[in-house]
Amino acid sequence: MWLLNLPVVLWRRLLLLGQGIGAALVLAGDAVAALLRGSGPVGARLAALFAAPAGQRRVFAVLRLVQPNLRFGRVLVTAYANSGTAIVTRRDDVIDILSRDDEFGVVYGPRMKTITDGENFFLGMQDTPRYTRDVSNMRLVVRREDVPEVVAPFVAREARGRVAAAGGRLDVPQALTLPVAAGLLDRYFGTPGPSQAAMVEWTTTLFWYLFLDLQADPALDARAKAAAAAFREWLGAHIAARKASGEARDDVLGRCLALQASGTPGMDDRAIRDNLIGLLIGELPTTSAAAILALDELLDRPAALAGAQAAARSGDDAALAAHVFEALRFRPLNPVIYRRAMCETTVAPGTLRARRIPEGTMVFAANLSAMFDPLAVPRPGRFRTDRPWDTYMLWGHGLHLCFGAHLNRATLPGLLEPLLARPSLRRAEGARGRIDTQGTPFPVHLDVVFEA
């Protein structure tokens, strides 16, 4: 049997070699061009080159070939305690890192406690009884059957209405993805906030603070603490008011209060507040950002955009979803997932790429790289819509797979479907037709035009 597999193995190794050498040559050429033709500080020009999605994919292609498990003593992340850095790039090793929870732990606990004023959220916990209790409680109130019955119909209806009212031009984050995601907080979670603007500001700032602020920016720290205090105050009062009203509303908050009334452990007012804060931080900004990144990638790929539009117009939900998630493979919201080594251990033990990882090392498990590993993903550089779902590592893996992953599979295609169905969909002219983050890690503006 091994003789039959040998040609496949050899071919994949050749692809790994070709991919790595080709990426190195392109990176070298791009770096020279940036130095000769660009403006501004040299370091900033090179950083922009390597921070772009295509640049990241090329860097990972080189690492997969020459140093698939790279470790060095320099501390890159200052927001969370660690003693050095490792970057893991091969798919098998990325999955291994994210599956060994006792050896590679999540680090978000300290900042999660700052947000809640003292308590952790299950996203920042190891595999403990408290973790199991809290996740189980939230699974009872955020139910899989809600997706086709409540979530998807709401998103589709709201998205259709907003696109229809746009008149042929749309600032997609401001007029579509953020308002619909915020509306879901009210309709499904039962947490409308004092205003849409407040919920967008709070959740976006706190997601940035928890997961993306690797350098511990003092200005963001102050902004996040103010947002957290306002969020806690509003949500605590909202929970108390809902209880006092006696209203029996079948939303996530209403179900939490029903569990509380039944005596379920871990469902007092504060626990409900803290768990909802954690869930809402993960819902609103990521839903909008992921939809925008997928759309932006499709707009850069005329053939893929045509395929997505044909699927949207024909009502082929599966084909549309395949286009959206393949686009996100090229532009994931999080290209790496970081964990801290809880003890001295080894990555890829028993292989030539084995690497010792000292205790305290911050390990970047490169899920973007894993989705382009030619040893595991057929023709990774091609845009293909026939890939099995387990190809995608868009929301993590293992114990801390994104809690709302099943919501994302419905909401992202549903958000984009009515827009993609419009004829002559294209970017607006000039800078308005490109993503503007306004100095944040999230898309704030992206204008498109279409036939109304």
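Laboratory data are not the source of any read-out in this text; all were calculated from the coordinates shown. In this text, all values refer to a predicted model and were calculated from it rather than measured experimentally. So basically every Cβ, Gly included, is an ideal-geometry build from the backbone, and we count neighbours across all protein chains shown.
Between ARG143 and VAL26, take the C-beta separation as r, use R0 = 45 Å, and let me know the FRET efficiency to the nearest 0.05.
Details: r = 47 Å, r/R0 = 1.04.
According to the calculation, E is roughly 0.45.
Please compute, over every Cα-Cα pair in the chain, the percentage with a separation greater than 28 angstrom.
Details: 55024 of 101926 pairs.
Distances greater than 28 Å cover 54 percent of the Cα pairs.
Please report the relative contact order for the chain, taking Cα pairs under 8 Å with a sequence separation of at least 6, and give it as a percent rounded to a whole number.
That works out to 23 percent.
Kindly identify region 155-263 as rounded, prolate or oblate by the Cα gyration tensor criterion: order the square roots of the eigenvalues as a ≥ b ≥ c, call it rounded if a/c is under 1.5, otherwise compare a/b with b/c, prolate if a/b is larger, else oblate.
Numbers: a/c = 2.50, a/b = 1.09, b/c = 2.29.
In terms of gyration-tensor shape, oblate.
Rounded to a whole number, what is D in µm²/s for region 299-452 from Stokes-Einstein with the Kirkwood radius over alpha-carbon pairs (20 °C, 1.002 mPa s)?
Numbers: Rh = 18.0 Å.
Estimated via Stokes-Einstein, D reaches 119 µm²/s.
Kindly state, to the nearest 0.05, the FRET efficiency for ARG157 paired with LEU214, given R0 = 60 Å and r defined as their beta-carbon distance.
On the way: r = 38 Å, r/R0 = 0.64.
The pair ARG157/LEU214 has a calculated efficiency of 0.95.
Taking the dipole about the Cα centre of region 67-449, with the C-beta of Lys and Arg at +1 and of Asp and Glu at -1, give me whichever of LEU295, ALA341, PRO374 is farthest to the positive side.
PRO374
Taking the Cα centre of the chain as origin, sum charge times position over the Cβ atoms of Lys and Arg (+1) and Asp and Glu (-1), and report the length of that vector in debye to the nearest 20.
1140
Mind checking Rg over Rh on region 294-366, alpha carbons, Kirkwood formula for Rh? Please report the intermediate quantities before stating the final value.
Numbers: Rg = 19.4 Å, Rh = 15.1 Å.
Here Rg/Rh amounts to 1.28.
Starting from region 103-185, pick out the GluC sites (Glu not before Pro) whose DSSP state is loop and whose Cβ has at most 12 other Cβ atoms within 10 Å.
Details: sites: GLU103, GLU119, GLU145, GLU149, GLU158; in loops: GLU103, GLU119, GLU145.
Passing both the DSSP loop test and the Cβ count: GLU145.
Relative contact order of region 351-449: what whole-number percent is it, with Cα pairs under 8 angstrom and at least 6 residues apart? Provide the component values of the computation, followed by the final result.
Working: 55 pairs, mean separation 13.9, N = 99.
Reported relative contact order: 14 percent.
Farthest toward the dipole's positive end in the chain, which of THR204, ILE97, GLY124, given Cβ charges of +1 (Lys, Arg) and -1 (Asp, Glu) about the Cα centre?
Highest projection toward the positive end goes to ILE97.
Give me the one-decimal nm value for the distance between modelled label points at GLU359 and ALA248, 7 Å along each residue's Cα-to-Cβ direction.
With each label point 7 Å from Cα toward Cβ, the separation is 5.4 nm.
Which shape class, rounded, prolate or oblate, goes with region 81-135 when its Cα gyration tensor gives a ≥ b ≥ c as root eigenvalues, a/c under 1.5 marks rounded, and past that a/b bigger than b/c marks prolate?
On the way: a/c = 3.00, a/b = 1.58, b/c = 1.90.
Because a/c hits 1.5 or more and a/b fails to exceed b/c, region 81-135 counts as oblate.
Can you compute the charge dipole magnitude of region 281-324 about its Cα centre, using +1 on each Lys and Arg Cβ and -1 on each Asp and Glu Cβ, nothing else charged? Give it in debye, rounded to the nearest 20.
On the way: 2 positive and 6 negative charges, 24 e Å.
In total the dipole reaches around 120 debye.
What shape does region 282-327 take by its C-alpha gyration tensor, where a ≥ b ≥ c are the square roots of the eigenvalues and a/c under 1.5 counts as rounded, a/b above b/c as prolate, and the rest as oblate? All intermediate terms of the calculation are to be shown ahead of the outcome.
Numbers: a/c = 2.73, a/b = 1.51, b/c = 1.80.
Note, shape of region 282-327 comes out oblate.
Kyte-Doolittle cut-off -1.0, length cut-off 30 Å along the helix's own axis using Cα: show which whole DSSP H helices in the chain pass. Show your work: numbers first, answer last.
Details: long enough: 2-37 (51 Å, 1.35); 218-245 (40 Å, 0.05); 269-299 (45 Å, 0.74).
Span-like helices, by this rule, are 2-37, 218-245, 269-299.
Just report the Cα centroid separation between region 132-192 and region 250-285, whole Å.
18
Assuming R0 = 30 Å, can you tell me the calculated FRET efficiency for the pair ALA47 and ASP386, based on Cβ-Cβ distance, to the nearest 0.05?
On the way: r = 36 Å, r/R0 = 1.20.
After rounding to 0.05, the efficiency reads 0.25.
Looking at the chain, which longest stretch skips every one of the trypsin sites (Lys or Arg not before Pro) that is in a DSSP loop with at most 10 other Cβ atoms within 10 Å, leaving the sites themselves out?
On the way: sites that count: ARG74, ARG144, ARG382.
Of all site-free stretches, the longest is 145-381.
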